[in-house]
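Take a look at the structure set out below.
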Amino acid sequence: MPAAKTARPSGRREALLQAAAEVFFEQGYAATSIDAIIERAGGSKRTIYNEFGNKEGLFLAIVAANVEEALSPLAIEEIEGQDLRKTLNAFGQQLMTLYMSPALIGIYRVAVTEANRFPELVKSFYGQGPGRATSRLAEVLDGARKRGDIRTDDCLRIAGHFVSMIRDNLHLQVVLGLRPPPSDAEAQVAVASVVEVFLNGVQSGPDKLRD
């Protein structure tokens, strides 16, 4: 049947990306070979090169798959015009889930480790991951600015502030292995705190940012 034929390659791709991610995280980007990935995932070099081009393409496909899964529920047309606090809470929870996932923690460690040897790889990682999240939020904030919900001359800059606040020292502690990822309850409290500070600040007065 046609449906079955289209489903198999999709599942095969996901299995390959999962296996490749495990090898990258275990061995590091430089030490990982296509042969090692094939040994873990099965298949052939031809399949990998046809699908992803090379090792860098395979690594970036892992990044893109994880980022897309986290950010796709926040399509601009679906949330535009909604209450800003709710939007920021939803976006913050998605980012927290993304940044604290085992896959993204592994990707982040690989990117930091290989930054000097593979600058273009890391640049691409940033564009597909943190940079993309910031740009997506900047679009949301620009809509809020046009509605008069916030006052700012630089939506991209304050979007970067929000994303950085979501990562916070909590992300660094997890990356360094000092603690496990936060529970759902911990993540909700952390995101709510970020949204509160982002919208209202910590200093009372007539000039504080309100939603």
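The values are calculated or read from the model by the stated rules, or taken from the named source; none is laboratory data. Keep in mind the model is a prediction, meaning the values are calculated, not measured. Cβ atoms come from the backbone with ideal geometry, glycine included; neighbour counts cover every protein chain shown. Note: areas computed on protein heavy atoms with side chains; ligands, DNA, RNA excluded. Shrake-Rupley method; radii C 1.70, N 1.55, O 1.52, S 1.80 Å.
In this structure, Val194 does not qualify as surrounded by fewer than 19 Cβ atoms within 10 Å (Cβ to Cβ) and either over 17 Å from the mean Cα position of the chain (by Cα) or over 30 Å from Gln82 (Cβ atoms) (or both).
If you scan the range 18-41, which residues turn out to be in a loop (DSSP other than H, G, I, E, B) and not β-branched (Val, Ile, Thr)? Correct list: Gly28, Tyr29, Ala30, Ala31, Ser33. When Met100, Met165, Met96 are checked against the criterion of being open to solvent by 30 Å² or more (accessible area, probe 1.4 Å) and hydrophobic (A, V, I, L, M, F, W, C), a single residue qualifies: Met165. I'd like the full set of residues that are under 20 Å from Glu22 (Cα atoms) and either assigned to a helix (DSSP H, G or I) or touching a residue at least 40 places away in the same chain (Cβ under 8 Å) (or both), limited to the range 106-123. Passing the criteria: Gly106, Ile107, Tyr108, Arg109, Val110, Ala111, Val112, Thr113, Glu114, Phe118, Leu121, Val122.
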